[in-house]
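**Q** The structure's right below; bear with me while I get my questions together.
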Amino acid sequence: MKSFFRMSYPYILWIAIFIVAPMFMILLYAVTRSGNDTLTFTFTLDNFARFFSDPDFIRVLLNSLRIALFTTVFCLLIGYPAALLIANLSEKAQTMMLMLLTLPMWINMLLKTYAWRGILLNTDFGSELKVFIGMVYDFLPFMIIQIHTAIAKLDPNLLVASYDLGANKWKSFLKVTLPLSVPGIISGITLVFLPAVSSFVIPKMLGGGDYVLIGNLIEIYFQQTGDWNFGSAISLIMALIIILAMWATKKLDRTAQED
Amino acid sequence: MTKKLTAVLLLICLALLPVCSLADGTLNVMNYGEYIDEKVIYDFEKEFGVRINYTFNDTPESMYTKLQTGVSYDVVVTSDYMIDRLIKENNVQKMDKSIVTNLDQLSDSVKNLYFDPDNDYSAPYLWQNVVLCYDTTKIDPAKVEEKGWSILLDPELEGHVFLYDSPRDIFMIGLKALGYSMNTESRDELMEAYDWLVKMNQTIHPSFVTDEMIDGMAQGEKWMAMMYSGDATYASMENEKLAVWAPLDGTNIAYDNMFIPANAANPELANQFINYVLDYPNSMLITVETCYTSPNEKVIEDVTGPGGEFEGIDSYVPRTGYEKDEIYTDNELLRTETPELLVKVKLQ
Amino acid sequence: MKKSRASKVFSSAYLIIILLFIYLPIGYLVLFSFNEGKSMTNFSGFSLKWYESMFQNRTMIESITTTLIVAVVATVVSTIVGTVAAIGLSKAKRIIRSIVLEVNNLPVMNPDIVTAIGLMLLFISVKFQLGMVTLILSHISFCIPYVILTVMPKLRQLDDNVAEAALDLGATPFKALTKVIIPQILPAIISGALIAFSMSLDDFVVSYFNTGAGINTISMYVYSMKRYNLSVNAMSTLIVAAVTLILILVNLIPWIKDKKTKKEEP
């Protein structure tokens with residue numbers, strides 16, 4: 001049995017090539033200066049300085065964080081009650097609901113966003129609102145499912161005990177269900193906030209060229225300007241923000257669990 | 001374990017099969033989206049007994065990026081300034097004029113282009129200019145004709161304008177409105193155009209889109225759009241309230257040509273394809289389908305003549321010979337600065 | 001606790017509204033696939049012409065087959081590699097396991113544009129031509145982590161003693177693997193495979209940066225489209241129908257199995 005650990009070797013090789021090396025390439029491009037794709041090894045932190053010293057880029061970053069935050073909060077507010085209600089349904093109904101929620105995930109995101117473009121054409125909404133709707137739409141199912149998984153795992157006896165001890169429905173929810181569902185909330189937030197920050201297709205298709213988020217910025221530098229070094233620097237900045245956020249949520253999760 | 005490994009390897013080989021079929025009979029073509037009549041592709045395949053792999057790109061820049069990554073294409077359709085750049089970088093091979101004989105069908109308007117005066121490297125595919133397309137019931141034509149590009153500073157147009165999200169073309173508007181060359185190498189002039197565009201953006205809050213505006217204008221979603229003439233032709237044919245105008249400040253005339261990259265896998269077939277597309281019947285199919293101007297002399301004559309598809313449609317053939325109109329050249333300043341500057345315009 | 005009628009009505013209404021929201025664009029796509037006109041905003045009549053034109057659009061059909069081939073190959077490979085890796089990792093030293101799992105999380109947490117660009121830079125720097133192979137390889141690399149994430153928890157729940165017992169009774173390690181361990185984690189493997197499959201189908205950015213000449217996935221095709229083309233709606237409708245069918249079947253089979261075993265029980 002112990003020898004089974006050798007089965008992990010092929011994969012370790014794989015990740016060295018396909019996960020570590022790509023990140024390393026981005027890092028390399030980000031800290032060097034050059035023309036297009038020919039790597040010349042003049043190391044520099046210019047690319048980062050260029051990003052952070054430009055108020056317009058900072059604004060793009062803040063816009064991305066802001067819309068990701070709004071999307072996440074909204075998904076949470078709408079998604080939590082939904083998850084709760086679903087968890088209270090009969091077993092059969094729950095499976096049905098979950099199936100209905102996951103079915104759209106099998107349909108390519110671009111097709112659904114293309115449909116939203118048509119739907120929103122008839123409206124007078126501003127670009128930001130359209131992008132917001134598109135993002136909420138794309139991420140809501142993830143939030144609902146994550147929270148539902150956490151709630152469904154809860155021991156129903158806990159609630160029964162709570163009622164027996166005299167707490168009403170609302171108090172039981174606040175003191176029992178909610179705290180215990182926190183892991184689900186956290187993973188839901190992770191699955192929504194992080195991709196939302198880096199989204200570039202939804203802003204492009206629904207916001208038109210007007211709405212520039214950090215993902216769009218990266219695309220512009222790679223595709224239009226051909227400045228791969230700056231593009232890589234922005235990618236790295238974004239990856240770092242996300243890894244930091246991930247680490248922070250992990251810490252939150254751990255402290256929540258310790259409670 | 002070994003059984004599983006062999007299974008995996010087999011599957012990977014199966015996946016590689018499409019790649020392995022790169023025999024003599026395959027042609028890799030890269031073009032703008034919806035810029036051809038598919039019948040031309042099918043007919044060519046039938047006639048020559050080959051297969052065409054047809055890829056899209058949306059801008060010359062993204063095409064250039066793909067070429068940089070080493071992907072091999074046989075025929076590429078792109079814009080003048082990009083071909084200029086690629087020729088200078090030795091990334092284009094000469095056409096075989098013993099195969100491409102249909103060059104003699106070309107109209108004079110597309111000959112003698114600065115980047116390839118003798119058509120050694122490229123053959124014209126379609127051409128156009130950038131125009132204003134507007135709803136005559138909402139905007140007075142006299143006003144449009146008088147103000148030219150500066151009409152985009154009119155507060156009455158707020159929220160009613162589409163602009164094509166192309167950095168070069170938008171800066172062209174700014175530069176032309178200020179009376180400068182759109183191929184300027186002066187940073188100062190570029191920054192003046194930037195300021196003009198910021199003012200424009202803050203006054204009329206245009207919607208920066210790409211091809212959505214074609215259906216958009218056809219269905220009367222907005223009052224005015226800055227469009228390519230082929231799309232304007234299409235839109236104005238769908239919606240009779242629309243008129244098309246090339247501002248007197250000058251605009252850019254763009255030539256989209258076909259070329260054979262230096263690393264083409266199948267140059268002979270590539271030449272055949274170019275020759276095929278230049279021929280009257282195919283050029284006719286393409287122009288009717290896309291509404292962009294054909295480079296073929298006889299095709300232009302026939303479609304603009306009596307009973308022609310585009311009879312009476314002025315926007316079909318771009319204005320030529322006007323000294324304020326220009327063609328793009330490969331310009332490092334514009335290439336590296338305009339995408340970022342446009343982003344900043346949108347953020348002010 | 002009894003549920004009042006009002007709260008039941010409220011609960012159903014809330015969920016129904018959410019479902020309506022989720023299905024709005026899908027319904028819209030399906031509706032307009034039958035449009036007589038070519039507009040995406042005005043429904044002018046009923047027609048099947050877009051279904052006809054869809055089958056004549058070779059590039060679109062090819063994008064569908066490409067998407068499917070890539071998804072199937074990527075799923076199969078990543079499920080196998082992922083399961084093998086997960087089993088190996090569950091028996092590896094703690095420190096190796098935690099490092100590998102952290103790295104494994106990168107493609108999941110990283111913005112997809114960063115993953116896409118990283119892979120592209122890698123392929124270019126070793127002068128590996130972009131094409132079908134790079135497309136599949138890049139899909140495999142973002143699918144494997146999901147398989148591992150799904151299978152690992154189930155592995156942790158396993159009782160090692162069963163496999164140990166099998167080995168003590170003379171089974172080869174291979175047999176212990178296939179007859180004891182894998183059957184126990186099979187639900188997680190299938191679940192991981194399904195997730196990998198849907199991730200591959202849904203992808204756009206990684207494909208966008210890592211393909212070559214003439215190779216389009218559905219998402220790339222839609223992205224590159226200029227005007228609205230209702231054949232895309234026709235294609236979407238067929239996809240919706242296929243997915244619905246599959247999901248119904250997948251859920252029906254255990255139900256039928258259940259009924260069968262119930263019948264067999266006295």
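**Q** Restricted to region C:190-220, and to residues that are within 8 Å of the chain's Cα centre (by Cα) and among the polar types (S, T, N, Q), which residue is farthest from the other protein chains (Cβ to nearest Cβ)?
**A** Once the filter is applied, the top-ranked residue is C:Ser200.
**Q** Check C:Pro187 against each of (1) more than 19 Å from the chain's Cα centre (by Cα); (2) more than 14 Å from chain B (Cβ to nearest Cβ); (3) over 25 Å from A:Ile17 (Cβ atoms) and name the one condition it does not meet.
**A** C:Pro187 satisfies every listed condition except (1).
**Q** Could you tell me whether any residue of region C:140-147 is facing another protein chain (nearest Cβ under 10 Å), among the aliphatic types (A, V, I, L, M) and either touching an Asp or Glu at 6+ places or on another chain (Cβ under 6 Å) or part of a helix (DSSP H, G or I) (or both)? Lay out the reasoning, then the answer.
**A** At the first step, the residues of region C:140-147 found to be facing another protein chain (nearest Cβ under 10 Å) are C:140-142, C:144-145.
Imposing the further condition that a residue be among the aliphatic types (A, V, I, L, M) reduces the set to C:140, C:144.
Cutting the leftovers down to either touching an Asp or Glu at 6+ places or on another chain (Cβ under 6 Å) or part of a helix (DSSP H, G or I) (or both) gives us C:140, C:144.
Yes, that holds for at least one residue.
**Q** What about B:Ser150, is it surrounded by fewer than 18 Cβ atoms within 10 Å (Cβ to Cβ), in the same structural domain as B:Met200 (by TED's automatic domain parsing) and of a type in the set (Gly, Ala, Ser)?
**A** For B:Ser150, the condition - surrounded by fewer than 18 Cβ atoms within 10 Å (Cβ to Cβ), in the same structural domain as B:Met200 (by TED's automatic domain parsing) and of a type in the set (Gly, Ala, Ser) - is met.
**Q** From the list B:Val161, B:Val198, which one is under 20 Å from A:Val212 (Cα atoms), buried (at least 18 other Cβ atoms within 10 Å of the Cβ) and in the same structural domain as B:Asp325 (by TED's automatic domain parsing)?
**A** B:Val161
**Q** Output the residues belonging to region C:1-47 that are surrounded by 13 or more Cβ atoms within 10 Å (Cβ to Cβ), of a type in the set (Ser, Thr, Tyr) and closer than 16 Å to A:Asn122 by Cβ.
**A** C:Tyr28, C:Ser39, C:Thr41, listed by residue number.
**Q** I'd like to check which helices (runs of 4 or more DSSP H) are fully inside region A:12-127 and have at least 3 residues that are away from chain C (no Cβ under 12 Å), among the hydroxyl-bearing types (Ser, Thr, Tyr) and buried (at least 16 other Cβ atoms within 10 Å of the Cβ).
**A** Counting at least 3 such residues, we get no helices (runs of 4 or more DSSP H) at all.
**Q** Name the single residue, out of those in region A:128-141 being of a type outside the set (Ser, Thr, Tyr) and within 12 Å of another protein chain (Cβ to nearest Cβ), that is farthest from the chain's Cα centre (by Cα).
**A** A:Lys130
**Q** With A:Ile189, A:Ile185, A:Ile144 as the choices, which residue is modelled with pLDDT of 90 or more, in a helix (DSSP H, G or I) and of a type in the set (A, V, I, L, M, F, W, C)?
**A** Just a single option satisfies the conditions, and that option is A:Ile144.
**Q** If you check B:Ala225 against the conditions, is it under 25 Å from B:Asp256 (Cβ atoms), under 17 Å from the mean Cα position of the chain (by Cα), of a type in the set (Gly, Ala, Ser) and not assigned by TED's automatic domain parsing to the domain that holds B:Cys291?
**A** For B:Ala225, the condition - under 25 Å from B:Asp256 (Cβ atoms), under 17 Å from the mean Cα position of the chain (by Cα), of a type in the set (Gly, Ala, Ser) and not assigned by TED's automatic domain parsing to the domain that holds B:Cys291 - is met.
**Q** Give region C:111-162 a look and list any residue that's out of contact with any helix residue (DSSP H, G or I) (no Cβ under 6 Å at 6 or more places or on another chain) and among the aromatic types (Phe, Trp, Tyr), or say none.
**A** Listed by number, the list holds a single entry, C:Phe128.
**Q** If B:Thr336 satisfies all but one of (1) farther than 24 Å from B:Met191 by Cα; (2) part of a helix (DSSP H, G or I); (3) in the same structural domain as B:Leu175 (by TED's automatic domain parsing), what's the number of the condition it fails?
**A** (1)
The values are calculated or read from the model by the stated rules, or taken from the named source; none is laboratory data. Here the structure is a predicted model, which is why all the values come from computation and not from measurement. Using ideal geometry, Cβ is built from the backbone for each residue, glycine included, and neighbour counts are taken over all protein chains shown.
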